[in-house]
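Some notes on the structure that comes next.
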Amino acid sequence: MIFPKLKVLHSHGQQAIPDLDAVTLTERFRGRPELTETADTADLEAAAALCPTGALAAQPFTLDLGRCLFCGECALRAPRNIRFTNDYRIGSPTREGLVMRPGMAVVPFDPATARPELARCFGQSLHLREVSAGGDASVEMELGATGNVNFDFGRFGVGFTASPRHADGVVVSGPVTANMAEALRICYDAVAEPKLLIACGTEACSGGLFAESRAVDRTFFATHKVDLWLPGAPTHPMVFIDGIRTLLGKKRRG
């Protein structure tokens, strides 16, 4: 009975990624955009008018990754101005760092903006409590994938725990609905200091499509400092892994 199972395992090949710091995603993945200014802005203005979340602006020319759904429609409408690369290194320790401008070849990540105690306290072990604050389960599924056989983020001592009392920080997904606002605050307060706060996904970063909804209450972000902003709709596991590793000083962004 064991031989058929071994045959199946052999057919799968090597599933685990040996080096998570040297991953190259498929060209079809939409990651960091490259913005190019042109004298004729008609296509760019038309693309900005298409954007459902207002992430793209023509004057001045900017693309806010914290509001972007990565649908790619703007790149189709204005290909001379916008091109999405497969660069997944798009997390930022500041909300302002997610705003892309022409000529930017990287999403900035200044180590000086990260609290020094984070790397000291959590560099070897980090357990997080994920709170789905009105999310659609897409980001939540991608976060779960970080611990699967492919990525195995647990090899670096990073994982998720069910209780905030056992956690070192909170990962928020979803736009934060009104009925989840109090639950999120209670969960965050239950985590001992020092602790991290991570906004994961476009909805968590800005509210996404639901930013103007009366059912959303984002006052939590007005009163709590976020240590790491991770865009994406949903956020790819490598965006999460790279962001955490960079935040903890395990790698640097050139």
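Read the figures in this text as sums done on the coordinates, not as results from a lab. This structure is a prediction, so every number in the text was calculated from the model and none was measured. When we count neighbours, we look across all protein chains shown, and the Cβ atoms used for this are built from the backbone with ideal geometry, even at glycine.
Can you give the calculated 222 nm mean residue ellipticity of the chain, where each DSSP H run of n ≥ 4 adds -39,500 (n - 2.57) and the sum is split over every residue, rounded to the nearest 500 deg cm²/dmol?
Value at 222 nm, helices only, nearest 500: -8000 deg cm²/dmol.
Name the lysines eligible as straight-distance cross-link partners of residue 7: C-alpha to C-alpha under 29 Å, and not fewer than 8 places from it in the same chain.
none
Distance between Cα centroids, region 65-108 to region 166-197: provide it in whole Å.
27
Which lysines does residue 225 reach when only Cα atoms under 23 Å apart count, and residues fewer than 8 places away in its own chain are ignored?
Answer for residue 225, where 23 Å is the Cα cut-off: 195, 250, 251, listed by chain and number.
Rounded if a/c is under 1.5, else prolate if a/b beats b/c, else oblate: with a ≥ b ≥ c from the C-alpha gyration tensor eigenvalues square-rooted, which is the chain?
Cα axes put the chain in the oblate bin.
Name the helices (complete DSSP H segments) of the chain with a Cα length along the long axis of 18 Å or more and a Kyte-Doolittle mean of at least 0.0, or state none. Numbers along the way, then the final one.
Working: long enough: 178-190 (19 Å, 0.28).
In the chain, the long hydrophobic H runs are 178-190.
Among residues other than residue 55 whose Cβ falls under 15 Å from its Cβ, what is the net charge (Lys/Arg +1, Asp/Glu -1)?
Residues near residue 55 contribute 0 overall.
If we count every other residue with Cβ under 11 angstrom of residue 33's Cβ, Lys/Arg +1 and Asp/Glu -1, where does the sum land?
With Lys, Arg at +1 and Asp, Glu at -1, the net is +1.
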